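Trainee: I have a structure here, written as structure tokens, and I will follow up with some questions on it.
The values are calculated or read from the model by the stated rules, or taken from the named source; none is laboratory data. Just so it is clear, the structure is predicted and the values come from calculations on it, not from any experiment. A quick note on method: Cβ atoms are made from the backbone with ideal geometry, for glycine too, and the neighbour counts reach across all protein chains shown.
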Amino acid sequence: MSTRVATAQWQGSLVGGAGSIALTSSGQATFDYSLATRAADAATTTSPEELLAAAYASCYAMQLSALLDPGLEESPVLHVEAVVTQGGPEVDFGIADIALIVRGRGVNATNEKFVQLAATASSVCPIGRALSSVPVTVDAALST
């Protein structure tokens with residue numbers, strides 16, 4: 001079992017304040033965040049939703065790779081984009097939905113099998129399981 005830690009600092013009111021998020025376990029990065037950029041279409045700092053998208057995209061890519069079960073001779077390339085949409089008052093400003101867009105190259109499977117495994121990966125990866133109450137769509141295809 002492993003444990004990972006992130007820490008958040010916040011100063012000020014919800015509307016006027018700002019904070020920082022640190023990837024404490026790895027020490028890899030610290031990111032600024034604020035309500036203003038969380039709610040804006042064009043963000044200049046990160047948000048919890050963007051960090052959630054990063055966590056889901058990376059977890060999903062590893063899970064799909066495991067389901068594809070490439071041999072030692074294979075080197076498939078997966079490009080995953082996770083789009084997390086924060087809703088408005090209709091969902092109490094919670095996560096309204098998540099869209100996963102995945103494209104694969106060098107995969108030893110038919111497009112039909114790839115699409116099937118891509119759909120399965122979203123619900124069996126640990127982050128996907130944790131987000132099971134959120135509607136998730138998967139758009140998968142092989143690229144040439």
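Trainee: Which numbered condition in (1) closer than 24 Å to residue 100 by Cα; (2) out of contact with any helix residue (DSSP H, G or I) (no Cβ under 7 Å at 6 or more places or on another chain); (3) outside any loop (DSSP other than H, G, I, E, B) is the only one that residue 56 fails?
Mentor: Against the list (1) closer than 24 Å to residue 100 by Cα; (2) out of contact with any helix residue (DSSP H, G or I) (no Cβ under 7 Å at 6 or more places or on another chain); (3) outside any loop (DSSP other than H, G, I, E, B), residue 56 comes up short only on (2).
Trainee: Related question: Of all residues being assigned to a loop (DSSP other than H, G, I, E, B) and more than 20 Å from the chain's Cα centre (by Cα) in the stretch 89-106, which is modelled with the highest pLDDT? Just the residue, please.
Mentor: Kept after step one, since they are assigned to a loop (DSSP other than H, G, I, E, B), are these residues of the stretch 89-106: 92-94, 106.
Within this subset, residues satisfying the condition of being more than 20 Å from the chain's Cα centre (by Cα) are 92, 106.
On the way: 92: 78, 106: 89.
Taking the candidates together, the pick is 106.
Trainee: Determine the pairs where a residue that is in the same structural domain as residue 66 (by TED's automatic domain parsing) and of a type in the set (A, V, I, L, M, F, W, C), located within the stretch 97-115, has a partner that is surrounded by 13 or more Cβ atoms within 10 Å (Cβ to Cβ) and in a loop (DSSP other than H, G, I, E, B) with Cβ atoms under 8 Å apart, the partner being 6 or more residues away or on another chain.
Mentor: Correct list of pairs: 98/131; 98/134; 107/70; 107/76; 114/107.
Trainee: A further question follows. Give me the pairs: first residue in the stretch 120-144 and within 14 Å of residue 58 (Cβ to Cβ), second residue β-branched (Val, Ile, Thr), beta-carbon distance under 6 Å, and six or more apart or on different chains, which are they?
Mentor: 122/136; 122/138
Trainee: Based on this model, can you work out whether residue 73 counts as without any contact (Cβ under 8 Å) to a residue 24 or more places away in the chain and in a loop (DSSP other than H, G, I, E, B)?
Mentor: For residue 73, the condition - without any contact (Cβ under 8 Å) to a residue 24 or more places away in the chain and in a loop (DSSP other than H, G, I, E, B) - is met.
Trainee: Out of 50, 74, I need the residue that is surrounded by 14 or more Cβ atoms within 10 Å (Cβ to Cβ), charged (D, E, K, R) and at negative phi. Which one?
Mentor: Only one candidate qualifies: 50.
Trainee: Restricting the search to the stretch 47-90, which residues are more than 29 Å from residue 7 (Cα to Cα) and of a type in the set (Gly, Ala, Ser)?
Mentor: Once the filter is applied, which keeps residues that are more than 29 Å from residue 7 (Cα to Cα) and of a type in the set (Gly, Ala, Ser), the stretch 47-90 yields 65, 66, 71, 75.
Trainee: Restricting attention to the stretch 26-53, and to residues there that are among the aliphatic types (A, V, I, L, M) and not in a loop (DSSP other than H, G, I, E, B), which single residue is nearest to residue 100 (Cα to Cα)? Lay out the reasoning, then the answer.
Mentor: Within the stretch 26-53, the subset among the aliphatic types (A, V, I, L, M) is 29, 35-36, 39-40, 42-43, 51-53.
When the remaining residues are screened for being not in a loop (DSSP other than H, G, I, E, B), the result is 35-36, 39, 51-53.
On the way: 35: 25, 36: 25, 39: 21, 51: 15, 52: 12, 53: 9 Å.
The extreme case among them is 53.
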